[in-house]
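The values are calculated or read from the model by the stated rules, or taken from the named source; none is laboratory data. These numbers were taken from a predicted model, which means no experiment stands behind them. Here the Cβ is made from the backbone with ideal geometry for all residues, glycine too, and neighbour counts use every protein chain on show.
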Amino acid sequence: MALSFQFSSEHEAVRDTVRRLCQEELSPLVDDAEENEVFPRHVFQRWGELGLIGVRYPERDGGTGMDKVSDCIVREELSYMSQAFATSWSAHSHLGIWPIWKVGTPWQRENYFKPALTGEKVAGFGLSEPDGGSNVRALKTRAERVDGGWKLNGSKLYITNAPFANFLLVAARTRPELKPESISLFIVDLPNPGFEVHKLRKEGIRASETGLIHIEDAFVPDECLLGGIEGTYPVILECLSENRVGVAANALGMARAAFDAAKAYASDRIVANKRIGDYQAIAHKLADMAAQIEAAKWMVYYGAWRVDQGTLDAATAARVKLIASETALAVSEQAIRIHGGAGIMREYPVGRIHRDAFVYVIGEGTSEVQRNIIARDMGFKP
Ligand SMILES: Cc1cc2nc3c(=O)[nH]c(=O)nc-3n(C[C@H](O)[C@H](O)[C@H](O)COP(=O)(O)OP(=O)(O)OC[C@H]3O[C@@H](n4cnc5c(N)ncnc54)[C@H](O)[C@@H]3O)c2cc1C
């Protein structure tokens, strides 16, 4: 296959669509959503109408029939505008429905996957717990067999979209005596009398709603067990690996937004009769930022290409996520420095971008966890 460093005209069309959507419809919503910490729910329907939720799923399954590169373009552009919007999109369009697409029954696809593609239903993914964030194997939520289904007990922490989702995928153990990887996934309709969802207040991505969930004797019918008993750990790992490439694209969008703001400021701001961009210290910062973003960009799209080839492995996904998320954090910090005092002021975007950038050196597996995956791939045992 020929090596190509160009996006296709279809990819450019996706980028134009999302940019226009952001500029004309979504940007005006961002400040209020951040201030009130409430995600505008109707945006999911708009994403659905434009085919953006289903962008990487095949047409035969109700998707838009494009590819992972397109999915990353959507994320990059949404994140350029608002990481909170892009994170809610990601938890819904990938984490909350990819496993249903992958291993769901025809009934599950009809009742959850398809209404999620149109934005009629909003999804989330409940894996992390108070004792099981980095260490998924420490997961404690229990699922006990009862007449006609399962009874769930436990808790979930930091679950994106949980405060307003229509359903969540919930990871639980059916038999704690089995090996740690014996995890099952359940589709849980919300509200559910056994699910108490508390909305958390956050420093970053404030417009993306995040929940702590107490689960007590929540009944889930048999038809909502996803992918069979105790066998979904590999599905979860594959889902997370692909999403690490995805959130790397989110990080790339944030890095670009911070860079563009810093470059504009460096061109406009005059200190001692000179644009600050003409001071070598500032120019070098901008040069480093541009180079780091370019490196992250091609890693992200290489990762997306590997997904499309069906050859993504966990270590590649971890390398892509590590570099892109750390780039967003470093670039947004430099952007604040370039702004001087203005960088701390709310009317400039760089402070918010930097707060938001912390989310992806933590969420979807911290940078330390990514380094562990990469080191294990080299044969070490960190
Ligand atoms: C805004 C936000 C949204 C989220 N959305 C979701 C969601 O929708 N669904 C979901 O399931 N989860 C979600 N998460 C959870 C996220 O995946 C976890 O926060 C993350 O995996 C880290 O887990 P933890 O917070 O428990 O940190 P901990 O595991 O307590 O880690 C604390 C520190 O210890 C380090 N550490 C831990 N173990 C190791 C190790 N073995 N080696 C080296 N260092 C280590 C970590 O790197 C980190 O620096 C979200 C988190 C955030 C912040």
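A few comments on the model shown:
- Count of residues meeting criterion [part of a helix (DSSP H, G or I), of a type in the set (A, V, I, L, M) and without any contact (Cβ under 8 Å) to a residue 12 or more places away in the chain] in the range 1-31: 1
- Selection status of Ile205, at positive phi, surrounded by 23 or more Cβ atoms within 10 Å (Cβ to Cβ) and within 16 Å of the ligand (Cβ to nearest atom): yes
- All of Ala262, Ala287, Ala314, Ala324 fail the test of being small (Gly, Ala, Ser), more than 30 Å from Arg376 (Cα to Cα), in contact (Cβ under 8 Å) with a residue 24 or more places away in the chain and outside the structural domain of Trp98 (by TED's automatic domain parsing), apart from Ala262.
- Conditions (1) touching a residue at least 40 places away in the same chain (Cβ under 8 Å); (2) among the aliphatic types (A, V, I, L, M); (3) surrounded by 14 or more Cβ atoms within 10 Å (Cβ to Cβ); (4) out of contact with any helix residue (DSSP H, G or I) (no Cβ under 7 Å at 6 or more places or on another chain): number failed by Ile183: (4)
- Qualifying residues in the range 97-156 (those that are of a type in the set (Lys, Arg) and without any contact (Cβ under 8 Å) to a residue 60 or more places away in the chain) - the one surrounded by the most Cβ atoms within 10 Å (Cβ to Cβ): Lys156
- Boolean, Arg46 is out of contact with any Gly (no Cβ under 8 Å at 6 or more places or on another chain) and among the basic types (Lys, Arg): no
For every residue, the table says whether it meets (1) buried (at least 17 other Cβ atoms within 10 Å of the Cβ); (2) closer than 24 Å to Ala86 by Cα; (3) among the acidic types (Asp, Glu).
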{"site": "Asp278", "(1), (2), (3)": "no, no, yes"}
{"site": "Tyr302", "(1), (2), (3)": "no, yes, no"}
{"site": "Val331", "(1), (2), (3)": "yes, yes, no"}
{"site": "Gly363", "(1), (2), (3)": "yes, yes, no"}
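- Total residues in the range 17-58, condition surrounded by fewer than 16 Cβ atoms within 10 Å (Cβ to Cβ) and more than 27 Å from Lys114 (Cβ to Cβ): 9
- Considering each residue of the range 300-314 in turn, at least one proves to be within 16 Å of the ligand (Cβ to nearest atom), touching a Lys or Arg at 6+ places or on another chain (Cβ under 9 Å) and farther than 14 Å from Ala257 by Cβ.
- Criterion: surrounded by fewer than 24 Cβ atoms within 10 Å (Cβ to Cβ), more than 16 Å from the chain's Cα centre (by Cα) and not assigned by TED's automatic domain parsing to the domain that holds Lys68 - qualifying residue of Arg346, Arg355: Arg346
- Meets criteria (surrounded by 13 or more Cβ atoms within 10 Å (Cβ to Cβ), among the charged types (D, E, K, R) and not assigned by TED's automatic domain parsing to the domain that holds Asn166) for Glu242: yes
- Single residue of the range 339-382 satisfying the filter (of a type in the set (Val, Ile, Thr) and touching a helix residue (DSSP H, G or I) at 6+ places or on another chain (Cβ under 7 Å)) that is nearest to the ligand (Cβ to nearest atom): Val359
- Asn192 vs. criteria more than 24 Å from the chain's Cα centre (by Cα), at pLDDT 95 or above and part of a strand (DSSP E or B): no
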